[in-house]
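One structure below.
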Amino acid sequence: MELFLQMGHGMMEHCYHLIQHWGTGTVIVSPKNLTLEQILKFSKKISKNNGSILIDPQFYIPRTSQENLHNHSFWPNTFDTTTFFNGDGIDKLIDIFLNEYILPSDSSGIIIPSLYLEDINEDWCNINELIINSLNRYQLVSPKYLTLCIGEEIIKSEEKIHMLIEQVEDYPVDGFYIIPVHPNNEYLIDNMTWLINLIDLVAGLKLLDKRIILGYANHQFLSFAVAKIDAICAGIWLKTRMFPLGDFVADDEDSSFGGRRTTWYYCPQALSEYQIPFLDVAHRVGIIDQLATADSFQSGYPTPLFSGAQPSTVAFNETKAFRHYLQCLKTQCDEINKDSYDETKRYLRLLFETASDLSDYFRSNGVRGKYREFTNVADSTLALIDAFDAMRGLVFNTNWDEL
Amino acid sequence: MIDEITIKEIESLLPNISRKIEIKGLIGKGGQKHVYKAIDLDTGENLVFKVLKVKGNILERLKREVRAVDIIDSNHIPKIFESNVNIVSEAESLIWLVEEFIDGDSLRTILQSGRTFSLSEVVEFINVMFLILEKAEKHNIVHRDIKPENIMIDVQGEYWLIDFGISRHLDLESITITHAPFGLFTIGYSAAEQFRNRKKQIDIRADLFSLGVVATEMIQGYNPYLHKASDILQVIKRIEQKPLPALRIDGDDRFLMAKFIKILGDNRLSRRPKTIRDAIKIFDIVKSTLNI
């Protein structure tokens, strides 16, 4: 499992820094946050550091109120469903997207635009087929990933998830870029049905020999390693770790999840994030060292927090917090790649059980992570691994090496 | 409605057969189908004489049945020696086939006697079905009607798969009406994609579903989808919404055989093995864990 960086507002410098530090890596570029000129410049700089980019066209909702998207040349000037999809609208979009964005930016693959999926119907399927056919006018060697931006209600329905798998199983694409809308706008997810159906979707598509990239994800999705997902994407803001559908429907750029901007420290062994005042509590009750990040994560960013001084008095700013989160998540993604299904399953159980115990222990000492605390979702995440094992374990165990 | 097959009609067919046969007795009857045991009067060989009264695109369906049996060419499928279609009226025709006789009973008859099957017997059954289905898959053929009535167990205990009458040849145009709400199916044994007539989705996985249901029935003694069902709609609802039950099988200490059967008969297409090769690969691992 790889970690791809999910681009969001103010993330360019973080991407340069991290890709340079890692010596490799992939960034999912967001046209909502960058102009074409910026994308091309960004791509050059990233590839100089041995990294690569993928451009998410973000065409989920063509009538989005996001002005930045409308300003892109590939975005249709007027969008009338009938004329756009029956006329040459799709071809124009694909032509411009390929010739002005994908090819000049030397993108490592093509994320195929697709509409937000609120209900699986004939229109959605026909439109996808038209878009794929339009793209197939070109002889392309780069891998093609179809966007599946899926509504919450569809993910909650096992029947609809399987209808979706059956619908897309013959699409001539190399993989899927899945963007799930979280249930009830929750960051960490406790809804078992949603989690099981989403992993079932990933597994069903993975077994078709496709590469699967999960967009707008966070550390809870480390659990998807059991379905041998190829990559998860995460960024600095919550909006890049859970899909902000509202941003595309209405112009509420700063209706951010979780309220006021504040600095969070990610404790990787507890899979939980804590605000600095709660680290002060940990300092006070004498358990601060247990929240420290091990050297093996190679993240020096939070070192001052564990220097012995009261955490709120040391220099640990948002920039360091962001980079620390992504550095740790990258390490966790790298470490999760095991040789067999059973080994992966055992490792994940251990990871989640440890995180559950630790976050409980921290909580019992007054160190709380609010909605970013793993305790809230430990049972459902562990149950997800067991449910997956019951549903798909035998097949994944047998085919692990070939997936 | 199609009229019942009459004795007179059966007798009228005999002169059309190149062999000189004598009918010895009815061994099966269902719908518009009669199956007789017959004897070749020249060689003394036992035969099966099967007659179906049908309407619609019958000649093509008969050709496909014969072709399927011919190209799969398995030691576990009775050979078809001769077949043809006789027109009875404008609307109806009789399809007849002279086939290899299997000395044994159908799985249905055995299950009706109250007998259930041991782990090693079910393993052998699945082995044989995989041998047949692997060949069928290679030739893009889906049987579409695996059920206890179409499985024979001969006196040596060998399993046979019979009746390719509604087999689907994936490389040929479908002869089921495309927009029909339901495809050809047997209730309780056919996968949802088959009875919902989602033709694009029909492949060997439809047979795997039926195989999973039959294996479950061999162990439990009843079909969980049909068991105490009030009507066909309830069966359909069960198949679409409920997975097969978790089985407890003597000798399956690690519950892997139970899991494997459940995967074969999973009501969700994408959770079944995609090919027979995939299924065999998993089955080989499962078999190595069984205490038989």
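The values are calculated or read from the model by the stated rules, or taken from the named source; none is laboratory data. Please read these numbers as outputs of a predicted model, since none were measured by experiment. Quick reminder, even Gly has a Cβ in these numbers, built from the backbone with ideal geometry, and neighbours come from all protein chains shown.
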*Can A:I236 be described as in a loop (DSSP other than H, G, I, E, B), under 19 Å from A:I111 (Cβ atoms) and away from every other protein chain (no Cβ under 14 Å)?*
no
_Considering only the range A:310-318, I want to know if a residue exists there that is within 30 Å of A:G175 (Cβ to Cβ), modelled with pLDDT of 95 or more and more than 14 Å from chain B (Cβ to nearest Cβ)._
no
*B:Y159 being in contact (Cβ under 8 Å) with a residue 12 or more places away in the chain, aromatic (F, W, Y), in contact with a helix residue (DSSP H, G or I) (Cβ under 8 Å, 6 or more places away or on another chain) and crowded, with 22+ Cβ neighbours inside 10 Å*: no
*Within the range B:242-254, identify whether any single residue is within 11 Å of another protein chain (Cβ to nearest Cβ), buried (at least 21 other Cβ atoms within 10 Å of the Cβ), within 21 Å of the chain's Cα centre (by Cα) and under 19 Å from B:V122 (Cα atoms), and answer yes or no.*
no
*asked:* Go through the range B:256-277 and report how many residues are within 7 Å of another protein chain (Cβ to nearest Cβ) and closer than 14 Å to A:T398 by Cα.
replied: 7
_Candidate set: the range A:158-181, residues that are of a type in the set (D, E, K, R) and facing chain B (nearest Cβ under 8 Å); chosen: the one farthest from A:W194 (Cα to Cα)_ = A:D170
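Kindly indicate whether A:I179 is hydrophobic (A, V, I, L, M, F, W, C), closer than 30 Å to A:N50 by Cα and surrounded by 22 or more Cβ atoms within 10 Å (Cβ to Cβ).
On the way: hydrophobic (A, V, I, L, M, F, W, C): yes; closer than 30 Å to A:N50 by Cα: yes; surrounded by 22 or more Cβ atoms within 10 Å (Cβ to Cβ): yes.
When the stated conditions are applied, A:I179 passes them.
State the number of residues belonging to the range A:226-241 that are surrounded by fewer than 23 Cβ atoms within 10 Å (Cβ to Cβ) and not charged (D, E, K, R). Give the derivation first.
Applying the first criterion (surrounded by fewer than 23 Cβ atoms within 10 Å (Cβ to Cβ)) to the range A:226-241 yields A:228, A:230-231, A:237-239.
This time we only want the ones that are not charged (D, E, K, R), so: A:231, A:237-238.
The total comes to 3.
Quick check on my filter: what residues within the range A:248-260 are modelled with pLDDT of 75 or more and over 19 Å from the mean Cα position of the chain (by Cα)?
From the range A:248-260, those modelled with pLDDT of 75 or more are A:248-249; that's our starting set.
Selection gives A:V249 alone.
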*Answer residue from the range A:129-162, given it is without any contact (Cβ under 8 Å) to a residue 12 or more places away in the chain and among the polar types (S, T, N, Q) and is surrounded by the fewest Cβ atoms within 10 Å (Cβ to Cβ) among those*: A:Q139
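Only one residue in A:S296, A:S272 is of a type in the set (G, A, S), surrounded by 14 or more Cβ atoms within 10 Å (Cβ to Cβ) and under 27 Å from the mean Cα position of the chain (by Cα). Which one?
Answer to the selection: A:S272.
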*Some residue of the range A:123-143 being more than 14 Å from chain B (Cβ to nearest Cβ), touching a Pro at 6+ places or on another chain (Cβ under 9 Å) and over 19 Å from A:F59 (Cα atoms)*: no
*asked:* Would you confirm whether or not the range A:378-393 contains a residue that is away from every other protein chain (no Cβ under 14 Å), more than 15 Å from A:A225 (Cβ to Cβ) and under 20 Å from the mean Cα position of the chain (by Cα)?
replied: yes
_Tally of residues being of a type in the set (D, E, K, R) and farther than 17 Å from A:S359 by Cβ across the range A:285-313_ = 1
_Residue pairs meeting the criteria (Cβ under 7 Å; at least 6 apart or on separate chains; first outside the structural domain of A:H21 (by TED's automatic domain parsing), in the range A:331-348; second among the charged types (D, E, K, R) and outside any loop (DSSP other than H, G, I, E, B))_ = A:C333/A:E2; A:K345/A:D389
*For the range A:193-225, what are the residues that are within 17 Å of A:I154 (Cα to Cα) and in a strand (DSSP E or B)?*
A:L214
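Does A:R323 count as charged (D, E, K, R), surrounded by 20 or more Cβ atoms within 10 Å (Cβ to Cβ) and closer than 24 Å to A:E158 by Cβ? First the steps, then the outcome.
Values: charged (D, E, K, R): yes; surrounded by 20 or more Cβ atoms within 10 Å (Cβ to Cβ): yes; closer than 24 Å to A:E158 by Cβ: no.
When the stated conditions are applied, A:R323 does not pass them.
Please pick out the residue among A:E373, A:E353 that is acidic (D, E), more than 22 Å from A:K210 (Cβ to Cβ) and buried (at least 17 other Cβ atoms within 10 Å of the Cβ).
Values: A:E353 fails: buried (at least 17 other Cβ atoms within 10 Å of the Cβ).
Result of the check over A:E373, A:E353: A:E373.
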*What is the one condition in (1) under 16 Å from A:I132 (Cβ atoms); (2) at pLDDT below 95; (3) of a type in the set (D, E) that A:D80 does not satisfy?*
(1)
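Residue by residue, here is whether (1) surrounded by 12 or more Cβ atoms within 10 Å (Cβ to Cβ); (2) among the small types (G, A, S); (3) out of contact with any Asp or Glu (no Cβ under 6 Å at 6 or more places or on another chain) holds:
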| position | (1), (2), (3) |
| --- | --- |
| B:G28 | yes, yes, yes |
| B:D70 | yes, no, yes |
| B:P78 | yes, no, no |
| B:V88 | yes, no, yes |
| B:I95 | yes, no, yes |
| B:D103 | no, no, no |
